[in-house]
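Report on the following structure.
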Amino acid sequence: MSELHPSIARVTERIVERSKGTRERYLELMEREGDAHADRNTALPCSNLAHGFAAMGEDKDSIAAQRGPNIGIVSAYNDTISSHQPFGAYPPLMKVWAREAGATAQVAGCTPAMCDGVTQGADGMELSLFSRDVIALSTAVGLSHAMYDAVAMLGMCDKIVPGLLIGGLRFGYLPTLFFSAGAMPTGIPNKEKQRVRQLYAEGKATRAELLASESASYHAPGVCTFYGTANSNLMMLDLMGLTLPGSAFINPGTPLRQALTRAGVHRLAQITRGGNQYRPLAQCVDEKAVVNAAVGLLATGGSTNHAIHVPAFARAAGIQIDWSDMAELSHAVPLLARVYPNGASDVNMFQAAGGLGFVVRELLDAGLVHRDVMTVCGDDLSAYAQEPWLDGEQLAWRDPGASGDETILRGTANPFQPDGGMRLLQGNLGRAVFKTSAVDPSRWTVEAPCLVFDSQAAVAQAFAAGELDRDVVVVVRFQGPRANGMPELHKLTPVLGVVQDRGYKVALVTDGRMSGASGKVPAAIHVSPEALEKDGAWGSLALLRDGDVVRVSAEDGTLSTTADLTGREPAPMREVELGTGRELFGMFRNFADEAERGASAMLAEGGL
């Protein structure tokens with residue numbers, strides 16, 4: 001058994017020390033809450049109980065008599081998000097499988113679930129990040145009925161898993177298991193999709209041709225097959241032990257997918273307070289689990305969105321992790337996977353090459369993750385170093401063996417690159433994240449005069465006018481959480497990719513987000529503090545002017561300008577647009593924290 005890598009140990013110890021007070025208060029709260037809700041018959045008056053099981057049909061008597069645990073299902077089902085469409089069929093089946101295990105199950109509540117892929121570049125994107133907070137609040141509303149002994153979370157994408165996790169952690173005395181619906185089957189190659197997008201940006205492909213290309217990529221139920229935020233979510237759930245081992249990417253509608261869902265329901269019935277395998281969420285999500293999630297993210301080249309989400313859900317458990325911690329982990333953790341946008345292959349090919357079982361085994365053997373963590377399956381992460389399969393009709397797990405394709409998946413002895421591909425940049429323009437794993441090393445440093453914009457549309461107009469055909473650092477400001485909800489700026493990738501392909505040095509600097517699907521163009525993102533003022537202080541991006549020389553360097557960790565910003569007046573920010581419900585989210589914008597602390601309006605020191 002390998003000793004823990006000293007960097008992993010050091011970062012974990014630092015997080016434990018930093019979080020000592022807040023974590024202790026969180027665990028004390030969960031213990032009190034768990035004791036108060038241990039027995040439904042004493043926690044809830046008879047009238048309340050009767051309301052809670054009135055519509056439960058054949059399960060009514062079992063719930064009333066507490067003959068077995070009652071599982072609360074929190075679902076993010078809808079038909080608009082391809083990955084969540086399969087969840088519509090889950091609750092009726094889960095009720096049957098709960099009965100098999102001597103339990104009952106009822107839908108506790110449903111949360112909203114929006115897709116950044118649908119809202120990219122549209123007004124709805126300004127609601128996207130704060131949908132995570134709404135999902136957390138919706139989860140809390142459902143679980144507040146206090147009818148449940150365990151929780152089944154149905155959700156996979158973008159803000160949905162972090163939101164479910166934040167909400168669930170406030171009921172951390174309940175065992176909680178996350179269920180995936182799996183990845184959609186492979187469509188057209190991702191490089192072909194990217195090629196058509198760039199042709200369209202240059203006016204060389206029609207809208208009909210673009211739509212045909214996109215429809216051939218996003219073509220069926222299941223998670224989009226690129227390794228973006230959604231699939232990074234599923235990876236982290238595995239690394240934290242909050243789902244059945246290796247269940248992340250198994251395709252919807254397959255016998256193996258159904259067997260995993262059934263087994264997950266059975267497992268939930270076994271780990272409630274009434275048995276001898278009690279595994280409350282609050283104990284599963286500890287400092288070691290959070291570090292494991294971050295390591296998994298770095299080892300697989302996952303989404304930069306999790307530089308925001310990991311600090312947010314950690315804080316919901318009283319744990320404080322920051323970008324310096326993640327950057328130090330990145331220096332120690334090698335890149336083991338090349339999955340689009342970090343490579344040409346998709347998650348189905350990654351799964352076929354060995355998948356997460358291979359990754360976890362390699363990380364454990366190298367001492368790069370904590371083995372001794374409480375998971376929904378046991379007190380050791382080793383179960384997650386396996387892959388699920390069907391032995392006839394019987395669900396089983398096995399060692400994934402050697403990599404099936406070393407262009408996709410490699411071991412720690414021969415990684416794609418020696419570090420995890422996340423760099424912390426800092427300087428007189430603030431702190432930012434740079435994802436090196438998707439960018440050619442020759443482009444890790446760009447120093448050039450900047451052009452400053454306040455919107456994606458303005459960048460597109462400048463591109464169409466030929467104003468970007470130069471060495472340039474494109475600054476897109478007033479895109480932070482307080483300014484307009486911190487939308488993803490994924491529409492910029494094809495445009496800036498064209499400029500780069502024309503032979504110019506180009507980089508992006510923004511206080512907004514970039515999708516987990518971003519890559520190719522060097523980008524300093526999530527700049528913190530954001531441009532919009534807080535407590536009378538403006539972010540440095542608000543002081544930049546066209547022509548100021550800006551340096552973006554992942555090689556020396558620099559985000560700076562040679563311009564003297566002293567005494568400059570901040571640029572005025574355009575008013576937040578009304579419509580598409582954006583006016584309803586003013587409270588979230590007004591109280592949002594910095595990106596490095598999770599960009600949440602409701603997270604405060606010590607939890608929520």
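The values are calculated or read from the model by the stated rules, or taken from the named source; none is laboratory data. Here the structure is a predicted model, which means the values were calculated and not measured. Using ideal geometry, Cβ is built from the backbone for each residue, glycine included, and neighbour counts are taken over all protein chains shown.
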Exercise. Consider ARG574 carefully, then state whether it is closer than 21 Å to VAL439 by Cβ, outside the structural domain of GLY302 (by TED's automatic domain parsing) and touching a residue at least 24 places away in the same chain (Cβ under 8 Å).
Key: no
Practice problem: Output the residue which, of all residues in the stretch 469-483 that are surrounded by fewer than 24 Cβ atoms within 10 Å (Cβ to Cβ) and of a type outside the set (Val, Ile, Thr), is nearest to SER442 (Cα to Cα). | Solution: ASP471
Practice problem: Looking only at the stretch 26-72, count how many residues are among the charged types (D, E, K, R), part of a helix (DSSP H, G or I) and modelled with pLDDT under 90. | Solution: 1
Exercise. Consider ILE160 carefully, then state whether it is over 21 Å from MET94 (Cα atoms) and of a type in the set (A, V, I, L, M, F, W, C).
Key: no
Practice problem: Identify the single condition in (1) within 20 Å of ALA146 (Cβ to Cβ); (2) buried (at least 19 other Cβ atoms within 10 Å of the Cβ); (3) in contact with a strand residue (DSSP E or B) (Cβ under 6 Å, 6 or more places away or on another chain) that GLN106 does not satisfy, given that it satisfies every other one. | Solution: (3)
Quiz prompt | Residues (at pLDDT 95 or above and basic (Lys, Arg)) located in the stretch 522-558 | solution = ARG545, ARG551
Quiz item: Do we find that ALA122 is out of contact with any Ser or Thr (no Cβ under 9 Å at 6 or more places or on another chain) and assigned to a loop (DSSP other than H, G, I, E, B) in this structure?
Solution: no
Quiz item: Can you name the residue in the stretch 123-143 that is of a type in the set (S, T, N, Q) and surrounded by 24 or more Cβ atoms within 10 Å (Cβ to Cβ) and is also nearest to LYS491 (Cα to Cα) among such residues?
Solution: SER131
Quiz item: If you take the residues in the stretch 482-507 that are closer than 18 Å to GLN120 by Cα and small (Gly, Ala, Ser), which one is nearest to the chain's Cα centre (by Cα)?
Solution: GLY485
Quiz item: Is it the case that the stretch 508-521 has a residue that's over 25 Å from the mean Cα position of the chain (by Cα), at pLDDT 95 or above and of a type in the set (A, V, I, L, M, F, W, C)?
Solution: no
Quiz item: Hey, which of the strands (runs of 3 or more DSSP E) in the stretch 500-601, taking only ones fully inside, have at least 2 residues that are over 30 Å from ARG338 (Cα atoms)?
Solution: 549-553, 558-561
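For the stretch 197-219: of the residues being of a type in the set (Lys, Arg) and more than 27 Å from the chain's Cα centre (by Cα), which is surrounded by the most Cβ atoms within 10 Å (Cβ to Cβ)?
LYS204
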Quiz prompt | Test for THR139: is it among the polar types (S, T, N, Q) and at pLDDT 90 or above | solution = yes
Exercise. Name the one entry in ALA282, ALA294, ALA332, ALA289 that is under 22 Å from ASP372 (Cα atoms), aliphatic (A, V, I, L, M) and without any contact (Cβ under 8 Å) to a residue 40 or more places away in the chain.
Key: ALA294
Practice problem: Could you list all residues from the stretch 438-461 that are closer than 16 Å to ALA507 by Cβ, surrounded by 17 or more Cβ atoms within 10 Å (Cβ to Cβ) and among the small types (Gly, Ala, Ser)? | Solution: ALA438, ALA448
Quiz item: List the pairs whose first member sits in the stretch 210-231 and is over 20 Å from GLY246 (Cβ atoms), whose second member is in a helix (DSSP H, G or I) and of a type in the set (D, E, K, R), and whose Cβ atoms are under 6 Å apart, counting only residues at least 6 apart or on separate chains?
Solution: SER213/LYS193; SER217/LYS193
Exercise. Could you tell me which of the residues ALA212, ALA152, ALA216, ALA205 is among the small types (Gly, Ala, Ser), in contact with a helix residue (DSSP H, G or I) (Cβ under 7 Å, 6 or more places away or on another chain) and outside any loop (DSSP other than H, G, I, E, B)?
Key: ALA152
Quiz item: For the stretch 520-538, what are the residues that are touching a Lys or Arg at 6+ places or on another chain (Cβ under 8 Å), surrounded by 24 or more Cβ atoms within 10 Å (Cβ to Cβ) and not β-branched (Val, Ile, Thr)?
Solution: PRO522, ALA523, HIS526, GLU530, ALA531
Quiz item: List the pairs whose first member sits in the stretch 113-127 and is under 19 Å from LEU584 (Cβ atoms), whose second member is modelled with pLDDT under 85 and not in a loop (DSSP other than H, G, I, E, B), and whose Cβ atoms are under 6 Å apart, counting only residues at least 6 apart or on separate chains?
Solution: MET125/THR119
Quiz item: Out of the residues in the stretch 73-85 that are buried (at least 19 other Cβ atoms within 10 Å of the Cβ) and modelled with pLDDT under 95, which is farthest from SER217 (Cα to Cα)?
Solution: HIS84
Quiz item: Quick check, is ARG262 part of a loop (DSSP other than H, G, I, E, B), out of contact with any Ser or Thr (no Cβ under 6 Å at 6 or more places or on another chain) and charged (D, E, K, R)?
Solution: no
Quiz item: Of the residues in the stretch 287-312, how many are touching a helix residue (DSSP H, G or I) at 6+ places or on another chain (Cβ under 8 Å) and either not hydrophobic (A, V, I, L, M, F, W, C) or not assigned by TED's automatic domain parsing to the domain that holds GLU24 (or both)?
Solution: 12
Quiz item: Hey, among GLY427, GLY392, which residue is surrounded by fewer than 23 Cβ atoms within 10 Å (Cβ to Cβ) and either touching a strand residue (DSSP E or B) at 6+ places or on another chain (Cβ under 9 Å) or not assigned by TED's automatic domain parsing to the domain that holds LEU364 (or both)?
Solution: GLY427
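So which of GLY241, GLY264, GLY246 ends up being at pLDDT 95 or above, in contact with an Asp or Glu (Cβ under 6 Å, 6 or more places away or on another chain) and either in the same structural domain as VAL347 (by TED's automatic domain parsing) or of a type in the set (A, V, I, L, M, F, W, C) (or both)? Reasoning before the result, please.
On the way: GLY241 fails: in contact with an Asp or Glu (Cβ under 6 Å, 6 or more places away or on another chain); GLY264 fails: in contact with an Asp or Glu (Cβ under 6 Å, 6 or more places away or on another chain).
On inspection, the qualifying residue turns out to be GLY246.
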